[in-house]
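Notes to accompany the following structure.
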Amino acid sequence: MEVDPKCLTAALKSAGIDPVQFHKDLEESGDAFANQFDRSNPNFNESKSWNMTPVPVGGTRVPESMGGEAAANWKDLPVDQIAIEPEYPPEYHKAMADYELFNKVKKTMSTLNKPVENAYKVRVQYKGAEGDDKTALESRLKGEEAIRNGSIDAVQALMDLIDPATLSDRSKHNMKEVLERGRYPFEDRDTMGDYMLVLQRGNQALFADQKVLLAKIKKIKKDTNNAGAPSATSAQKADSNNSGGYGASQVTPAAKVDAEKEAPVEVAATAGA
């Protein structure tokens with residue numbers, strides 16, 4: 001925020017302060033503040049209260065909160081290798097997409113009760129209105145119902161994206177009731193309370209189906225990981241069998257031929273003896 005110099009000067013004069021001396025003192029105070037951080041200035045660290053111990057860099061000192069002296073050899077520790085996720089089949093990715101849709105549906109449903117209740121309250125208020133009040137409330141009611149219908153349509157749109165095979169008959173029935181009864185023109189507290197129970201049953205049904213879907217996802221991951229493990233183990237064994245190592249006897253084809261040529265000579269020499 002900038003201050004008008006003229007206004008500042010007028011304020012200083014009205015307070016009995018010399019503007020020229022005020023600005024001079026302000027400048028000297030700023031210079032003194034800056035000098036205490038200037039190492040080439042004699043007034044650097046004038047109070048001698050600062051800790052001037054150099055801070056070690058390059059990882060030569062480990063903070064006490066991270067192990068201190070006991071962790072001084074942290075550079076010698078092995079580096080953790082990045083785990084490579086196996087390639088999961090298409091049904092895994094499809095199940096994950098449906099799982100996220102379940103979350104979105106439940107999140108959208110959690111906000112559905114408010115617009116339905118607001119429309120109910122306006123309708124009850126409009127019930128006994130007449131004349132201009134009735135016209136105003138009818139207009140307000142249409143607005144609240146439009147908001148309510150938009151929320152219900154959002155839930156319907158998300159439900160249409162979920163694979164029907166992942167939905168139980170219980171969920172299909174409860175969600176149909178949620179979407180249909182949400183548009184009902186509630187006019188008393190009892191029917192409105194019944195709809196809250198309908199929302200609760202729909203949410204519980206979706207939660208149960210999502211739990212089954214999660215078990216399917218875990219099974220696919222487990223089967224995929226187990227399928228990749230034996231092949232890696234067998235490949236490792238094959239490599240160890242094929243490579244004899246430094247202590248194994250390695251016979252080249254040329255050495256084998258030379259041995260076969262020399263064998264008859266040695267046998268003949270033994271017979272002549």
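Computed from the coordinates by the stated procedures, all read-outs in this text should not be read as laboratory data. Since this is a predicted model, take the numbers as computed values, not measurements. All Cβ positions, glycine included, derive from the backbone under ideal geometry; neighbour counts span all protein chains shown.
Among the chymotrypsin sites (Phe, Trp or Tyr not before Pro) within region 1-110, those in coil by DSSP and having at most 15 neighbouring Cβ atoms inside 10 Å are Phe37, Phe44, Trp50. Report the FRET efficiency, 1/(1 + (r/R0)^6), for Lys216 and Val62, where r is their Cβ-Cβ distance and R0 is 41 Å, rounded to 0.05. About 0.35, to the nearest 0.05. Compute the label zone of Lys94 within region 136-160: residues whose backbone N is under 20 Å from the point 7 Å along Cα-to-Cβ. Of the residues in region 136-160, 158-160 have backbone N under 20 Å from the label point off Lys94.
Mean separation of Cα pairs under 8 Å and 6 or more residues apart, divided by the residue count, gives region 91-219 a relative contact order of 38 percent. Checked against a 18 Å cut-off, the cross-linked pairs Lys94/Lys218; Lys106/Lys211; Lys107/Lys219; Lys106/Lys176; Lys107/Lys221; Lys107/Lys142 give Cα-Cα distances beyond that limit for Lys107/Lys219; Lys107/Lys221; Lys107/Lys142.
Within region 91-219, the proportion of Cα pairs with more than 26 Å between them is 31 percent.
As an equivalent ellipsoid, region 51-116 spans semi-axes of 50, 25, 8 angstrom, where each value is the square root of five times an eigenvalue of the C-alpha gyration tensor, largest first. In order along region 209-221, the phi-based Karplus estimate (6.51 cos²θ - 1.76 cosθ + 1.60, θ = phi - 60°) of 3J(HN,Hα) comes to 5, 5, 5, 5, 5, 5, 4, 5, 4, 5, 5, 4, 5 Hz; Gly and Pro are listed as x. Which of the lysines could a cross-linker span from Lys75 if the Cα-Cα distance has to be under 20 Å and same-chain partners fewer than 8 positions apart are dropped? Cα-Cα hits under 20 Å: none found. Using R0 = 41 Å, the C-beta based FRET efficiency linking Asp194 and Thr135 works out to 0.85. Length available on full extension from Ala146 to Asn45: 0.36 nm per residue minus the Cα-Cα distance, which gives 29.5 nm.
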